[in-house]
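Since the structure comes first, as structure tokens, the remarks are kept for the end.
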Amino acid sequence: MRGKDAEFYRRELTRAFARAAALKPEGLFVLVFRHREGKAWDVLRSALAEAGLEIIKEWPLDLENYPQPQARVKARSAVLVCRRG
């Protein structure tokens, strides 16, 4: 989250996800997210909740198949399935 603070990202993600909350009641919103900082994951979860979306399923992805010497911490990746909460 370089250059911007967590509040900026939470606010902008909430605004974007609010459009997805306009789904039909039985509709699903699916996204893939990848980040190495736990704080970024917290911001994502907060933005989804504030936008009225509930995570109903999460599938971790192993996308770190190639060595990245500059990366000290492995990025976490997942597919998130959400519905209106």
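The values are calculated or read from the model by the stated rules, or taken from the named source; none is laboratory data. Quick caveat, the model's predicted, so the values are computed rather than measured. Neighbour counts run over all protein chains shown; Cβ positions are idealised from the backbone, glycine included.
Any idea which residue in the range 1-26 is modelled with the highest pLDDT, counting only those that are touching a Lys or Arg at 6+ places or on another chain (Cβ under 7 Å) and over 26 Å from residue 62 (Cα atoms)?
25
Output the residues belonging to the range 1-17 that are surrounded by fewer than 17 Cβ atoms within 10 Å (Cβ to Cβ) and within 14 Å of the chain's Cα centre (by Cα). Can you show your working first?
Initially, the range 1-17 is screened for residues surrounded by fewer than 17 Cβ atoms within 10 Å (Cβ to Cβ), giving 1-8, 11-12, 15-16.
Scanning the range 1-17 gives 1, 6, 11, 12, 15, 16.
For residues that are surrounded by 15 or more Cβ atoms within 10 Å (Cβ to Cβ) and within 11 Å of residue 80 (Cβ to Cβ), tally how many sit in the range 18-30.
The total comes to 1.
Where the second residue is at pLDDT below 70 and of a type in the set (Asp, Glu) and the first is assigned to a loop (DSSP other than H, G, I, E, B) and surrounded by 13 or more Cβ atoms within 10 Å (Cβ to Cβ) and lies in the range 68-84, which pairs have Cβ atoms under 7 Å and are six or more apart or on separate chains?
75/64
Evaluate the range 57-79: report whether one residue or more is under 14 Å from residue 20 (Cβ atoms) and modelled with pLDDT of 95 or more. Steps first, please.
So the first thing to find is which residues in the range 57-79 are under 14 Å from residue 20 (Cβ atoms), and the list is none.
Scanning the range 57-79 turns up no residue that is under 14 Å from residue 20 (Cβ atoms) and modelled with pLDDT of 95 or more.
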